[in-house]
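Report on the following structure.
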Amino acid sequence: MLLSFLTAAVAAFVALDMVERLRHAAGLSRIWWLAGASAALGGGIWAMHFIAMLAFQLDVPIGFDGGLTAVSLITAICVVALGLWWVRAERGLSRLLPAGILVGTGIASMHYMGMAALLVPGRIAYRPEMFILSVVIAMVASSLALALAFRVRRLSHRLLAALVMAVAVSSMHYVGMAGLVITLDPVGPPSDGGLSRFLLALMVAAITYGLLLLALGASIADRRINAAAAREAEQLRLANRALEREVEERRRMELELEQARAALEQRVEERTRDLQDARLRAEAANRAKSEFLASMSHELRTPLNSIMGFAQLLLFNRVREPLTAKQERAATQIDKAGHLLLRLIDEVLDLARVEAGRMSLSMEAVDLSAVVADLVSAMQPAAQTARIAFHTAFDPSLPPVAADRTRLHQVLSNLVSNAVKYNREGGSVTIRAHVHEECIRLSVRDTGIGIPADRLAELFQPFNRLGREHGAIEGTGIGLTICKRLLEAMGSELRVETHEGWGSEFYFDLFPAAQAASPSGQGHSPRRLAAGHHFTMLYIEDNPANIELMQDVMAAVEGAELFVAPDPGSGLQMAVDTQPDIILLDINLPGMDGFEMLRRLRADPSTAAIPVLALSANAMPAQVEKGLAAGFLRYLTKPLDMEEFMGALSYALGERRQPPRPVKA
Ligand code: ADP
């Protein structure tokens, strides 16, 4: 009996252990665990029953029906399987109770089927109350055991549940046995057929060992599975760690990238700001430079006016006041040096303007033949002195070119002047224009000294005279730089071909103008005077040195009478009072500038028709243009150029008059 109980307990423990695994299993392994648990519990109950039957003592020989014994085993396993499947993972009362009832039914049906397999000589009956009690015990105890098994985790609890289950099975069995009533019948069928006790014992032992083996196998398999799962989990964990590290690394890199990007953006912003600041500073510096240059030009021109003016006056006046040969040379030298200095000032200013990009070009259709004829006639005297012949070679039917007329003239005159300067006695200068590709190529060729090949690279460097600074030929070394820049501004390029000792050819290309040449600017109609050789001029100027110079100049002009007003107020008054033929006006006057003076002279009908010439040290082209636009007949710049001044006077006096002549002695 004890052994039967123990067997039931062990089987129950194994079965509940498997049920525990069944609860956590999934898929196919669930079926296996269910099969294992059912086989363990069903088989255990069965083994318990028949061990107990081996302990059953009767005075008559008994046997066991093999078929029914086997059917009882299968029934036990199947019904238990049903019950366990029903409860499965859930442990609610609604599940546990039917499962307990099913398992209890399994135990009971196994028991009574096992009893049916008992072969005794006589009849077997059961006392109904004991039968019912045994079935109820089986159901209640099974439910309890399942409830316990599903509620707990710990081993001790599982042991307790197994014990409860064993109690359920055993008590069911023994209560059932207690209700057993055997009526022996000596004439009944013999009872020694079927399985003997020995065979039954063998079967029970086999089933029990089978159970143990099953449990062992399951636990080994489980351990294997667990180990594999653990390995897999470990691998997964490692992979996960690697992945995490990678993610971490990526995040770090992204952060770094983001930081770098932010830093870069900041740098770009700073640089942009710096650049803007630098540009503003450069613009301010440029403005300051231009202002400085303009004022420097003014400051230099004022004293130069006296220097050159008086030197020229000495020469102009030498008929009346003869000079010694030495004095004449000195005056000529002063005048020449003054001109050179003046050119230097002009060129430096020009270069500064070009370099600063502050030069405005007005592109128009320019007729080349007019420009070249003008040039040749201007250069003729210098060329004749050096016995240099001029040749022009171009087709008069060439179309006009697109250029800034003044600047083109400046470029060509610079090139021609160089071709004369750096020529040899008896040489020639050829100015050529011809169609080259879709452009018109202009070239100035000389038969002069040429440029050494090793110095060619320095050709367009400002102030670089390629070693000629020690020679007799005067120059500043800026002219070609300005030419190059001016041509670049017009979209062209100055190039040179030269052979030392043979000569040079400077050339550049210009596009033909799209439309015909525009009409030249309309001139002022000179005021025609009815008077004979006499004329009056009012000079409004505050600088005593300039006044003195002009007095001397006018004293040297035949028929000229000069009035001088030292300030704007008296100037306006004198203009009305004396009605001069010409008014010569300084621009920088105290209290009122020349422009305002001009406006007032024009506003007064009695002075409105008098031609007004400006004479100013403000010699920047923009100022000259402004002066002409304001209505000055001519805008003369200081230092005064005697020839230009005389030309302006004769222009103002009108065509009918002879140009002013020096006073005869
Ligand atoms: P400048 O003539 O005032 O010295 P340029 O800028 O016009 O200055 O010319 C720079 C230098 O190039 C000159 O000093 C001279 O050495 C050289 N050069 C210019 N034109 C010629 C030329 N036609 N033949 C030889 N050398 C020339």
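In the chain, the longest principal axis of the Cα atoms and the axis of helix 93-116 are about 30 degrees apart. In whole angstrom, the chain maps to an equivalent ellipsoid with semi-axes of 143, 29, 20, each derived as √(5λ) from the alpha carbon gyration tensor and ordered largest first. For the pair residue 228 and residue 184, label points projected 7 Å from Cα toward Cβ lie 6.0 nm apart. Axis angle, to the nearest 10 degrees, between helix 325-355 and the longest C-alpha principal axis of the chain: 20 degrees. Net charge dipole, region 326-368: roughly 320 debye, given to the nearest 20, about the Cα centre with Cβ charges of +1 for Lys and Arg and -1 for Asp and Glu. With the dipole of region 321-459 worked out from charges on the C-beta (+1 for Lys and Arg, -1 for Asp and Glu) around the Cα centre, which of 340, 401, 386 lies farthest toward the positive end? Of the candidates, 386 comes out farthest on the positive side. Taking the 0 to 90 degree range and rounding to the nearest ten, how far is the long axis of helix 128-151 tilted relative to the main principal axis of the chain, both from C-alpha atoms? Here the helix axis deviates by roughly 20 degrees. Each label was represented as a point 7 Å from its Cα along the Cα-to-Cβ direction; for residue 436 and residue 264 these points are 4.8 nm apart. Cross-linked pairs 289/484; 326/421; 484/626: Cα-Cα separations exceed 24 Å for 326/421; 484/626. A Förster radius of 25 Å, combined with the Cβ-Cβ distance separating residue 570 from residue 609, puts the computed FRET efficiency at roughly 0.75. Potential lengthening of the chain between residue 241 and residue 393 amounts to 45.7 nm, from the contour at 0.36 nm per residue minus the alpha-carbon distance.
Counting only DSSP beta bridges with both residues in the chain, the antiparallel share comes to about 60 percent. Cβ-Cβ distance of residue 219 and residue 56, R₀ of 30 Å, FRET efficiency by 1/(1 + (r/R0)^6): the value works out to about 0.35.
Directionally averaged projected area (region 196-249, Cα convex hull): 3.3 nm². What you get for the chain, charging only the Cβ of Lys and Arg (+1) and of Asp and Glu (-1), is a dipole of about 3160 debye around the Cα centre. If exposed GluC sites (Glu not before Pro) are those in a DSSP loop with at most 16 other Cβ within 10 Å, what is the longest stretch of the chain that has none? Formally, the longest exposed-site-free interval is 91-424. Computed on the Cα atoms alone, the convex hull of region 543-665 gives a volume of 109 cubic angstrom per residue. Farthest towards the positive end of the charge dipole of the chain, among the residues 508, 647, 327, is the Cα of 508, using unit charges on the Cβ of Lys, Arg, Asp and Glu. Ranked by how many other Cβ atoms sit within 10 Å of their own Cβ, fewest first, the residues 175, 140, 319 fall in the order 319, 140, 175.
Model label sites at residue 497 and residue 602, defined 7 Å from Cα along the beta-carbon direction, differ in position by 5.2 nm. Between the C-alpha center of region 124-148 and that of region 568-638 there is a gap of 141 Å. Computing FRET efficiency as 1/(1 + (r/R0)^6) for residue 74 and residue 94, where r is the C-beta to C-beta distance and R0 is 45 Å, gives about 0.95.
Every read-out reported here was derived from the displayed coordinates using simple, explicitly stated rules and does not represent laboratory data. Being a predicted model, the structure only gives us computed values, none of them experimental. FYI the Cβ positions are ideal-geometry reconstructions off the backbone, even for glycines, and counts take in every protein chain you see.
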